[in-house]
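Everything on this sheet refers to the single structure shown next.
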Amino acid sequence: MIEVVAKLIRGPVFLAGEVLECAVTFTNPLSATSTSASSETLAWASAQIHCQFHASESRVLLPASEEPAQDVQASNETVFVPNRGERGQCILSTPPKILFCDLRLDPGETKSYSYSETLPLAAPPSFRGQSVKYVYKLTIGCQRVNCPIQLLRVPFRVLLLHALQGFQPPQEDEVAPSNPFLDEEEMGKKDSRLLDSAVEVLMAMTSRRSLHQFNISNGRGRVGTFCIFKTVYKIGEDVTGAFNFSDGEIPCLQYSVCLQTEESVQEDYRRSHSQPVAISTHAQHRESCLHTAGSNFSLPVPLSSCPGFSTNIVSLKWRLHFEFVTAREPVEAPTVPENQSETITWTGAGRIDVDTFSWDLPIKVLPTNPLLASYVSPAPTAHAISI
């Protein structure tokens, strides 16, 4: 028996365009005191990244040419097919890389190999929605002689930042003279230029603040105003806003704010022309505000959520969904006693005629630094199988 362990070196979250690095370790777990007859041999091992696409049959109509092919490959064939047995179709795959051929491990012996691959900049993001799913995996295939191929799959998450689509790393470092006083870690920093550029872009786009003020009104008159200081956020940030009801003509009894995503299938792939948009709620705030001059809310954008994106099949947009409950008639305010020694009990009205209305405010949600998302990701970075 040979134990195979694959570990993502930096964590399970990456930006499209980054380099994924994985350490793959092969171990013969028998004691080193065992006889040499207990040595184990593997014919070969190979690794490849692939993205599986799965569409809901009730919401997405794929052309016949894009329907996933049936997996009919026999399990004892020697061809490395990393997506064998997976749902949906493989829409993206990197060239396979051979880790070794003819590996012999004596009892207690361990050998490690390093795999690295650049994720395509044009790759779709990881997404599990109601209409489609995009799932990324690194698959490592191993085979003994005259035995079926064993597959070890390592799932990971890909974030997409459209501003990096045309990213070209500077070339001056490649022709500059090498510095012998820099260690290997310093020399390897050129591989993080894309990540550094992405962080700068995200900071520039999400740090801009300008007051956006909206008047809230219905058919009966003005309810109040709403203020928000920016409409572009990163996942992991808090969306904050404030209400001012002091200048309103119509009493607001209650309001709610929901942080939602709109998942819509592109027109050419819809099952029907009247197909509704799929709405998902990620955070919610509800508050009673009768006789309240002002109120505010804070809704976190989950780090596990997917930033907005668009592909040829589906698009994802973010919004704030507001719902207001207003009174049709003025509501008498509680009386404040002039003498503090007096005791007055105020009870709310037993019946109030109300109106309700809603409003949607589009916002943009961008990815964050993948290092931050990796720290809180529940996905393990190491996976193992025994062959």
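The values are calculated or read from the model by the stated rules, or taken from the named source; none is laboratory data. Because the structure is predicted, anything quoted here is derived from the model rather than measured. Don't worry about glycine lacking a Cβ; one is built from the backbone with ideal geometry, like all the others, and counts go over all protein chains shown. Protein only, heavy atoms only, side chains kept; ligands, DNA and RNA dropped before computing areas. Shrake-Rupley method; radii C 1.70, N 1.55, O 1.52, S 1.80 Å.
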Boolean, Arg328 is open to solvent by 40 Å² or more (accessible area, probe 1.4 Å), within 30 Å of Glu249 (Cα to Cα) and in contact with a Lys or Arg (Cβ under 8 Å, 6 or more places away or on another chain): yes
Given (1) open to solvent by less than 50 Å² (accessible area, probe 1.4 Å); (2) farther than 30 Å from Thr326 by Cα, index of the condition Gln266 fails: (1)
Subset tally (residues that are assigned to a loop (DSSP other than H, G, I, E, B) and touching a residue at least 40 places away in the same chain (Cβ under 8 Å)) for region 271-281: 2
Matching entry among Leu253, Leu290, Leu299, Leu303 (being touching a residue at least 40 places away in the same chain (Cβ under 8 Å) and touching a Pro at 6+ places or on another chain (Cβ under 9 Å)): Leu290
Among residues of region 194-223, those that are over 17 Å from His162 (Cβ atoms) and either of a type in the set (Asp, Glu) or part of a strand (DSSP E or B) (or both), counted: 11
Test: residue in region 224-239 that is crowded, with 20+ Cβ neighbours inside 10 Å, over 30 Å from Ile313 (Cβ atoms), in contact with a Gly (Cβ under 7 Å, 6 or more places away or on another chain) and of a type outside the set (Ser, Thr, Tyr): yes
Failed condition for Ser246, given (1) assigned to a loop (DSSP other than H, G, I, E, B); (2) open to solvent by less than 50 Å² (accessible area, probe 1.4 Å); (3) more than 30 Å from Glu57 (Cβ to Cβ): (2)
Selection status of Gln284, within 29 Å of Glu57 (Cβ to Cβ), of a type in the set (S, T, N, Q) and either assigned to a strand (DSSP E or B) or modelled with pLDDT of 95 or more (or both): no
Selection status of Arg87, at pLDDT below 95 and either aromatic (Phe, Trp, Tyr) or in a loop (DSSP other than H, G, I, E, B) (or both): yes
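Just to check your reading of the model, which residue among Leu103, Leu42, Leu99, Leu20 is in contact with an Asp or Glu (Cβ under 7 Å, 6 or more places away or on another chain), on the phi < 0 side of the Ramachandran plot, modelled with pLDDT of 90 or more and assigned to a strand (DSSP E or B)?
Leu20
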